[in-house]
Amino acid sequence: MHKYILMLHIISATIWAGGHLILVFTILPKVLNTKNIEILIRFESGFEKIGIPSLIVQVITGVWMAYDLVPDIKSWLLPHEPLAHLITYKIFLLLLTIGLAIDARLRIIPKLNENNLKSLAFHIIPVTIIAVLFIIVGVSFRTGGLF
Ligand code: HEM
């Protein structure tokens, strides 16, 4: 069962991280140069349909695997062994992602215009860096820890 959950986790990871990397390296530079918000809105409205469900799948499959590997849930927040530390990092990265997404959704996107494009960029870029960190921490479960 674990391997099938892991497969789902990896597929969703490619969507979440891949989509954000495409956004940061191909869409965002064009939007910041041309100030043409339409390009961003068109990409986001498409990506959102698959991006948000993939993040939800990440959380469900991630928590399932975390419980399978470290059933002592208390140690997820008070880690005393390498695997539990990795779960703590995952939870921290998830809270950061949710915080940035809610702030962008409530404070920036409703009044998105040429003048606050940079603030949105300062949300998209950290969320993308965090997505890559999610992968690095994730792979570390199999490679015996981060360092
Ligand atoms: C967008 C968010 C996430 C991404 C991109 C992501 C990505 C990954 C990747 C690439 C792996 C490595 C798979 C492998 O070794 O083949 C992994 C493993 C793992 N992830 Fe995530 N992950 C995310 C969110 C989460 C969350 C929220 C949790 C739980 C709190 C979590 C828990 C785990 C666990 C426990 C593993 C190890 C599975 C194993 O090696 O058997 N992940 N993740």
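The values are calculated or read from the model by the stated rules, or taken from the named source; none is laboratory data. Small disclaimer: the values here were computed from a predicted structure and weren't measured. Because the Cβ atoms are built from the backbone with ideal geometry, glycine has one as well, and the counts that use them run over all protein chains shown. Ligands, DNA and RNA are excluded from the accessible area calculation, which covers all protein heavy atoms including side chains. Shrake-Rupley method; radii C 1.70, N 1.55, O 1.52, S 1.80 Å.
Here are the numbers for the structure shown:
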| item | result |
| --- | --- |
| Subset of region 50-93 that is open to solvent by 20 Å² or more (accessible area, probe 1.4 Å), more than 7 Å from the ligand (Cβ to nearest atom) and under 17 Å from residue 15 (Cβ atoms) - its residue that is modelled with the lowest pLDDT | 52 |
| Matching entry among 5, 22 (being modelled with pLDDT of 95 or more and open to solvent by 40 Å² or more (accessible area, probe 1.4 Å)) | 22 |
| Filter result for residue 39 (within 22 Å of residue 132 (Cα to Cα) and free of Cβ contacts under 8 Å to residues at least 40 places away in the same chain) | no |
